[in-house]
Every structure is written in structure tokens, then in C-alpha cells.
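Colleague: My questions will all concern the structure given below.
The values are calculated or read from the model by the stated rules, or taken from the named source; none is laboratory data. Fair warning: this is a prediction, and the values are worked out from it, not measured in the lab. With ideal geometry, Cβ positions are generated from the backbone for all residues, glycine too; neighbour counts draw on all protein chains shown. The protein model used for the area step is the full one, side chains on, heavy atoms only, and it has no ligands, DNA or RNA in it. Shrake-Rupley method; radii C 1.70, N 1.55, O 1.52, S 1.80 Å.
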Amino acid sequence: MKLLNLIWIIPLVLIVSLFFIRLFNHVELDDVTPGIPCDAGLIKNADTLWVIPDFNNISISDNQTWCREILSMNKTLGMHGVEHKYREFGGNVTKEELVKGMNDFKTCFGFYPTMFKPPQLKISGENKKLIEESGMTLKLNFNQIIHKVYHCNDSDIIKNRWIKIF
Ligand SMILES: [Zn+2]
């Protein structure tokens, strides 16, 4: 009987722990690219920026002013898809497309990306291998849960204002 009374404590402890982990962990911002308007405060507040290399046929490599501006903020930068189509890495992505994205990133920032986060966190087994072979570290759901992750476009199911609270 006593044990049963205590059992609700387990989820409560987990939620409170998660709250504090998210509170003190670094903040991430998804969907950073010249083609998506982004609140300056969101960028300033974030430690890691997840950059889309070629959104709507606007390659970051063609916008050196933007590249320099992002670089000057001294953030950790990761690659977030190639064109950020819906569930892009759940479907067919060729090695050439991935390499093109990585090269755009390199032309923009001067170094190759070392981390990769797929759009909508969807990735097929085949594409997982592709990312591994590229030498980038894959960041998925676990990373998204233990960090506060905001979005430039705020179009995700989970809204920025809710993330602010939890
Ligand atoms: Zn995204």
C-alpha cells in the first residue's frame, strides 16, 4: 500500500529533473538561414545555431555578409538538413546532395560542419549511414529533449513560447 502511494513520485522526479537539465543546458536555435526571418533576440540567446545550407534555393555560400554576421557571434554551428524539405532525410538523399550542403557550409563559415540535425528529426537507416560516413555527429530526439530548442520560423508543433516556460 505504501509503495503504491509513492509510485507517482517517479514521474514527478523525472519531470523536475528534466526541467532543471533544460534550464541549465545550452540553448539551441533551429532553422537558421538567410531565407527565414529570425528574431535577433532568439539568435543572441542561443548557444548553438542549426543552419540550413540551401533553403528555397538560397545558398548560404552566396551571402557572405550573412556568413560573417553569424560567424562574428561566436556560436557553435551545426548543419540542419540540406534544403530543409519536409522530412528530407527520411526519404532519398544522395551523397552528392549532402556533400553539396557541407561544401556550402564550408564556403560560408570556413570549416566543415561536425554536427548534423535532420529536419523534423526524421532520418532513414540508409541516411544515418550517409551521415556517419561524412564524419558528422548525428543529433536526434535525445538532444532535442535535454536542451531548450527554439525555431526561427516558430512553425513547429512545439511553440517557442512554451519552450520558454519548460
Ligand atoms: Zn528545422
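Colleague: Net charge near Ile52, counting Lys/Arg +1 and Asp/Glu -1 over other residues with Cβ under 11 Å of its Cβ?
Modeller: -4
Colleague: Skipping prolines and chain starts, which residues have an amide H placed within reach, meaning under 5 Å, of the one on Lys148, given they are 5 or more residues away or on another chain?
Modeller: Placed amide hydrogens put Glu28 under 5 Å from Lys148.
Colleague: While we're looking at this one, here's another question. Sequence-distant or interchain residues sharing an amide H contact under 5 Å with Arg87, placed H: which?
Modeller: Distant-sequence amide H within range of Arg87: zero hits.
Colleague: State which entries of Lys95/Lys117; Lys2/Lys148; Lys44/Lys139 exceed 26 angstrom in Cα-Cα distance in the structure shown.
Modeller: Working: Lys95/Lys117 16 Å; Lys2/Lys148 36 Å; Lys44/Lys139 22 Å.
Long pairs (Cα-Cα over 26 Å): Lys2/Lys148.
Colleague: Moving to a separate point now. Sequence-distant or interchain residues sharing an amide H contact under 5 Å with Met115, placed H: which?
Modeller: So Met115 has HN proximity to Met79, Thr137.
Colleague: Let me ask you something else. Could you pull out which residues in segment 63-89 have an amide N less than 19 Å from a spot 7 Å beyond the Cα of Tyr112, following the Cα-Cβ vector?
Modeller: In segment 63-89, the label zone of Tyr112 (backbone N under 19 Å from the point 7 Å along Cα→Cβ) covers 77-83.
Colleague: Please give the net charge around Asn63, taking every other residue with its beta carbon less than 13 angstrom from that of Asn63, where Lys and Arg add +1 and Asp and Glu add -1.
Modeller: Within the 13 Å Cβ shell, the charges total -3.
Colleague: Now a separate question. When the Karplus curve 6.51 cos²θ - 1.76 cosθ + 1.60 is applied with θ = phi - 60°, which whole-Hz ³J(HN,Hα) does each residue of segment 94-103 get, with x for Gly and Pro?
Modeller: With the stated coefficients, segment 94-103 comes to 8, 4, 4, 5, 4, 5, 4, x, 5, 5 Hz.
Colleague: Enumerate the calculated ³J(HN,Hα) couplings along segment 47-62 in order (Karplus 6.51 cos²θ - 1.76 cosθ + 1.60, θ = phi - 60°), each rounded to whole Hz, writing x wherever the residue is Gly or Pro.
Modeller: 9, 10, 10, 9, 9, 8, x, 9, 7, 6, 6, 10, 7, 4, 5, 8
Colleague: Sorting Ser155, Ser59, Ser134 by accessible area (1.4 Å probe), largest first, what list results?
Modeller: If we order Ser155, Ser59, Ser134 from most to least accessible, we get Ser155, Ser134, Ser59.
Colleague: For every other residue with a beta carbon closer than 13 angstrom to the beta carbon of Pro34, add +1 if it is Lys or Arg and -1 if Asp or Glu, then tell me the sum.
Modeller: Values: positive: Arg68; negative: Asp31, Asp54, Asp62, Glu69, Asp104.
Local charge sum for Pro34: -4.
Colleague: Also, I was wondering about something else. Give me the percent of DSSP beta bridges within the chain that run antiparallel, rounded to the nearest 5.
Modeller: Details: 2 of 16 bridges.
Antiparallel: roughly 10 percent of the beta bridges in the chain.
Colleague: Hey, another quick one. Extending each Cα 7 Å along its Cβ direction at Lys95 and Phe142, get the distance between those two points in nm, one decimal.
Modeller: 2.8
Colleague: Would you kindly calculate the translational diffusion coefficient of segment 6-97, applying Stokes-Einstein with the Kirkwood radius from alpha carbon pairs, for 10 °C and a viscosity of 1.306 mPa s, and quote it in µm² s⁻¹ without decimals?
Modeller: For the chosen part, D equals 102 µm²/s.
Colleague: Measure off 7 Å from each Cα along the Cα-to-Cβ vector at Tyr86 and Phe166, then give the distance between these two points in nanometres to one decimal.
Modeller: Output for this residue pair reads 2.5 nm.
Colleague: Starting from the Cα gyration tensor of segment 11-54, take the square roots of the eigenvalues, sort them a ≥ b ≥ c, and report rounded, prolate or oblate (rounded when a/c is under 1.5, otherwise prolate if a/b is larger than b/c, else oblate).
Modeller: prolate
Colleague: Further question: Go through segment 73-79 residue by residue and turn each phi into a ³J(HN,Hα) via Karplus (6.51, -1.76, 1.60, θ = phi - 60°); whole Hz please, and just put x for glycine and proline.
Modeller: Couplings: 7, 6, 9, 6, 10, x, 9 Hz.
Colleague: A further question on this structure: Let me have the relative contact order for the chain, percent, based on Cα pairs under 8 Å that are six or more residues apart. Before the final figure, lay out the partial values.
Modeller: On the way: 260 pairs, mean separation 43.4, N = 166.
Once normalised by length, the contact order is 26 percent.
Colleague: Turning to a different aspect of this structure: Could you tell me how many degrees, from 0 to 90 and to the nearest 10, lie between the Cα long axis of helix 125-134 and the main elongation axis, the longest principal axis, of the Cα atoms of the chain?
Modeller: Compared with the principal axis, the helix lies near 60 degrees.
Colleague: Need one number: the % of Cα-Cα pairs in the chain sitting beyond the 18 Å mark.
Modeller: Pairs farther apart than 18 Å: 61 percent.
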